[in-house]
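The values are calculated or read from the model by the stated rules, or taken from the named source; none is laboratory data. Predicted model, so just to flag it, every value in this text is computed and none were measured. With ideal geometry, Cβ positions are generated from the backbone for all residues, glycine too; neighbour counts draw on all protein chains shown.
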Amino acid sequence: MGHSRSCEVAVIGAGAAGLVAGRELRREGHKVVVFEKGESVGGTWVYSSSVESDQLGLDPCRKIVHSSLYQSLRVNTPRECMGFFDYPFVPRPSNKERDSRRFPEHTEVLLYLQDFAREFELMGLLRFGTEVFDVHLVDEGRWMVRSRKVRMDGCDDSVADESEVFDAIVVCNGHYTEPRIAEIPGIERWPGKQIHSHNYRVPEPFQDQVVVLIGSSASALDISRDICAFAKEVHLSSRSAPDKQPMSKQPGYDNMWLHSMIERAHADGTVAFRDGSTVRADIILHCTGYKYNFPFLKVNGVVTVDDNRVGPLYKHIFPPLLAPSLSFIGLPCRVLPFPLFEMQSKWVASVLSGRLALPSQEEMMMDVESFYSKLDAAGLPKRYTHAMLDYQSDYLDELATVCGHPAMEEWRKQMSDMTLKNIRSRPDSYRDEWDDHSLVLQAYEDFHRYCKSL
């Protein structure tokens, strides 16, 4: 099937997903505008020392800080795995200010995305300082996008709204802004301070505090080790710790313990765990993830968010009743994000141009329902719908086949799997001690084939 049309497409968000979506859409011949509320590319990779006034993120009227980065963050995936397929995330030895480590700090990722935007001349597609606040269908299946300029000077003077019509919407607004909070019985009477990791930046405010940290994700591991150098005690509460197993001191730390889940918080300041232990805590730090949130999208319930399941979506991208004019890039988690964004974007761009076709609405809905049934049969709650840890390779290979793109490299799959195992077994050293040198050599052999300039 050849190219049959060029669409006017609005991409919402200029993080990694929005940038590669813009590139792939333009490559396919579409006219693209990328709306970005901030003043630069990078999305969640733009660090801000600011935190929200409500550090739990529950107040809907709070001024939202988009970034969830903490100052010490280093990536938890090797740079060889992270990069886009045809633009590897390789060190820049000619620039002494760049971080050349395999697991670099967050600023290096932002610089990589800035390099990507310049390399592929994407800046002309971007409309910075522009907030999209309303997206809805109008006549003939097109979309009205209403936006307004964001005042960066703190002034509250009103700014005129702008309305534009597009053929298609690609949602790339990220999912690390709206916090999910653990439900703790008795918390309303507990007198201590609560924070979500979205508002964690540096460890110094935890000096001499007794901290209960909820969660076992990579960021929870990082933050617990960050604050233990300052806190009096750090108590980790994890779903993975059996309820009947006594609390245990973490190897290598004198002031860090692992507990089961929290049973209850009490008015006297204590926190009781299911393992029977009790701690008098000053702070509860929620490292409990995020909610998907699309406040601008008005589709009359055709797409909903139910316990963090965005749906119904065909292959995590297309709502069957609104496909292909509405799509989502970057919803899956526990993945190699940039390669996944790229492959999803290739598919969306090709479908919009008519070069590839989607199944019928009925077939797409049947596929979604079959997928949900498999999750139910496996006992997985809805909140894990987009968690792909065990099948991301199959998913990416499926998209690659549809798009006529080579499958994900075997070295990338093996390197990713090995890193996950190392995170679990060596959380303190996996970034600086590794044993996958043969895979690194394979990666750079491929990089030289992809990019002759390397």
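When you scan segment 200-227, how many residues do you find that are of a type outside the set (V, I, T), buried (at least 17 other Cβ atoms within 10 Å of the Cβ) and under 18 Å from R280 (Cβ atoms)?
Of the residues in that region, 3 qualify.
Scan the strands (runs of 3 or more DSSP E) fully inside segment 213-279 and keep the ones with 3 or more residues being within 30 Å of R74 (Cα to Cα). Working first, answer last.
Values: elements: 233-237, 256-259, 262-265, 270-273.
Of the strands (runs of 3 or more DSSP E) lying wholly inside segment 213-279, those with at least 3 residues that are within 30 Å of R74 (Cα to Cα) span 233-237, 256-259.
In this structure, is D376 assigned to a helix (DSSP H, G or I) and farther than 30 Å from R26 by Cα? Before you say what the answer is, go through the steps one by one.
Details: assigned to a helix (DSSP H, G or I): yes; farther than 30 Å from R26 by Cα: yes.
When the stated conditions are applied, D376 passes them.
Please give the helices (runs of 4 or more DSSP H) falling wholly within segment 8-124 in which 2 or more residues are of a type in the set (V, I, T).
Working: elements: 16-27, 79-82, 106-119.
It comes to 106-119.
For segment 184-201, state whether one or more residues are touching a Leu at 6+ places or on another chain (Cβ under 6 Å) and part of a loop (DSSP other than H, G, I, E, B). Explain how you work it out, then say what you get.
From segment 184-201, those touching a Leu at 6+ places or on another chain (Cβ under 6 Å) are 194-196; that's our starting set.
After this cut, where a residue has to be part of a loop (DSSP other than H, G, I, E, B) as well, the list is none.
Among the residues of segment 184-201, not one is touching a Leu at 6+ places or on another chain (Cβ under 6 Å) and part of a loop (DSSP other than H, G, I, E, B), which makes the answer no.
Pick from E80, E39, E52: which is exposed (fewer than 14 other Cβ atoms within 10 Å of the Cβ) and either charged (D, E, K, R) or without any contact (Cβ under 8 Å) to a residue 12 or more places away in the chain (or both)?
On the way: E80 fails: exposed (fewer than 14 other Cβ atoms within 10 Å of the Cβ); E52 fails: exposed (fewer than 14 other Cβ atoms within 10 Å of the Cβ).
Answer to the selection: E39.
Being touching a strand residue (DSSP E or B) at 6+ places or on another chain (Cβ under 9 Å) and within 29 Å of V335 (Cα to Cα) is the filter here; which residues of segment 222-233 pass it? Let's see the steps before the verdict.
Here is the first cut: in segment 222-233, the ones touching a strand residue (DSSP E or B) at 6+ places or on another chain (Cβ under 9 Å) are 222-225, 227-228, 231-233.
Scanning segment 222-233 gives D222, I223, S224, R225, I227, C228.
Out of curiosity, is V165 part of a strand (DSSP E or B) and within 30 Å of V20 (Cβ to Cβ)? Walk me through it before giving the result.
Working: part of a strand (DSSP E or B): yes; within 30 Å of V20 (Cβ to Cβ): yes.
Yes.
For segment 88-115, how many residues meet the condition of being more than 16 Å from A14 (Cβ to Cβ) and out of contact with any strand residue (DSSP E or B) (no Cβ under 6 Å at 6 or more places or on another chain)?
Adding up the residues that qualify gives 18.
Only residues that are in contact with a Lys or Arg (Cβ under 9 Å, 6 or more places away or on another chain) and part of a helix (DSSP H, G or I): list them for segment 344-367, please.
Within segment 344-367, the subset in contact with a Lys or Arg (Cβ under 9 Å, 6 or more places away or on another chain) is 344-347, 349, 352-354, 364, 367.
Once the filter is applied, which keeps residues that are in contact with a Lys or Arg (Cβ under 9 Å, 6 or more places away or on another chain) and part of a helix (DSSP H, G or I), segment 344-367 yields Q344, S345, K346, W347, A349, L352, S353, M364, D367.
Need the failing condition index for G57 against (1) over 20 Å from S40 (Cα atoms); (2) surrounded by fewer than 19 Cβ atoms within 10 Å (Cβ to Cβ); (3) not hydroxyl-bearing (S, T, Y), just the number.
With respect to (1) over 20 Å from S40 (Cα atoms); (2) surrounded by fewer than 19 Cβ atoms within 10 Å (Cβ to Cβ); (3) not hydroxyl-bearing (S, T, Y), G57 is out only on (2).
In segment 389-445, which residue that is more than 24 Å from C333 (Cβ to Cβ) and in the same structural domain as C81 (by TED's automatic domain parsing) is farthest from the chain's Cα centre (by Cα)?
Within segment 389-445, the match that is farthest from the chain's Cα centre (by Cα) is G404.
Among the residues of segment 185-204, are any among the hydroxyl-bearing types (S, T, Y) and in contact (Cβ under 8 Å) with a residue 40 or more places away in the chain? Don't jump to the end; show me each part of the working.
Going through segment 185-204, the residues among the hydroxyl-bearing types (S, T, Y) turn out to be 197, 200.
With the extra rule that they be in contact (Cβ under 8 Å) with a residue 40 or more places away in the chain, the set shrinks to 197, 200.
Taking every residue of segment 185-204 in turn, at least one turns out to be among the hydroxyl-bearing types (S, T, Y) and in contact (Cβ under 8 Å) with a residue 40 or more places away in the chain.
Condition first: of a type in the set (K, R) and surrounded by fewer than 17 Cβ atoms within 10 Å (Cβ to Cβ). Now tell me which residues in segment 359-414 satisfy that.
From segment 359-414, those of a type in the set (K, R) are 374, 382-383, 412-413; that's our starting set.
Answer for segment 359-414, where residues must be of a type in the set (K, R) and surrounded by fewer than 17 Cβ atoms within 10 Å (Cβ to Cβ): K374, K382, R383.
(1) over 19 Å from the mean Cα position of the chain (by Cα); (2) surrounded by 14 or more Cβ atoms within 10 Å (Cβ to Cβ); (3) closer than 30 Å to I283 by Cα: which one isn't true of T130, the others all being true?
So T130 meets the others, but not (3).
Between residues in segment 303-328 that are closer than 21 Å to G289 by Cα and in the same structural domain as M343 (by TED's automatic domain parsing) and residues that are of a type in the set (D, E, K, R) and in a strand (DSSP E or B), which pairs lie under 8 Å by C-beta distance while being six or more apart or on different chains?
Every condition considered, the pairs that remain are V305/K291; N308/K291.
Could you list, in sequence order, all residues of segment 334-349 that are farther than 20 Å from R142 by Cβ and either of a type in the set (A, V, I, L, M) or crowded, with 21+ Cβ neighbours inside 10 Å (or both)? Don't jump to the end; show me each part of the working.
Going through segment 334-349, the residues farther than 20 Å from R142 by Cβ turn out to be 334-347.
Of everything in segment 334-349, those that are farther than 20 Å from R142 by Cβ and either of a type in the set (A, V, I, L, M) or crowded, with 21+ Cβ neighbours inside 10 Å (or both) turn out to be V335, L336, F338, P339, L340, F341, E342, M343, Q344, S345, K346, W347.
D254: assigned by TED's automatic domain parsing to the domain that holds V212, of a type in the set (D, E, K, R), surrounded by fewer than 21 Cβ atoms within 10 Å (Cβ to Cβ) and free of Cβ contacts under 8 Å to residues at least 12 places away in the same chain, yes or no?
Working: assigned by TED's automatic domain parsing to the domain that holds V212: yes; of a type in the set (D, E, K, R): yes; surrounded by fewer than 21 Cβ atoms within 10 Å (Cβ to Cβ): yes; free of Cβ contacts under 8 Å to residues at least 12 places away in the same chain: yes.
Considered against the rule, which asks whether it is assigned by TED's automatic domain parsing to the domain that holds V212, of a type in the set (D, E, K, R), surrounded by fewer than 21 Cβ atoms within 10 Å (Cβ to Cβ) and free of Cβ contacts under 8 Å to residues at least 12 places away in the same chain, D254 comes out as yes.
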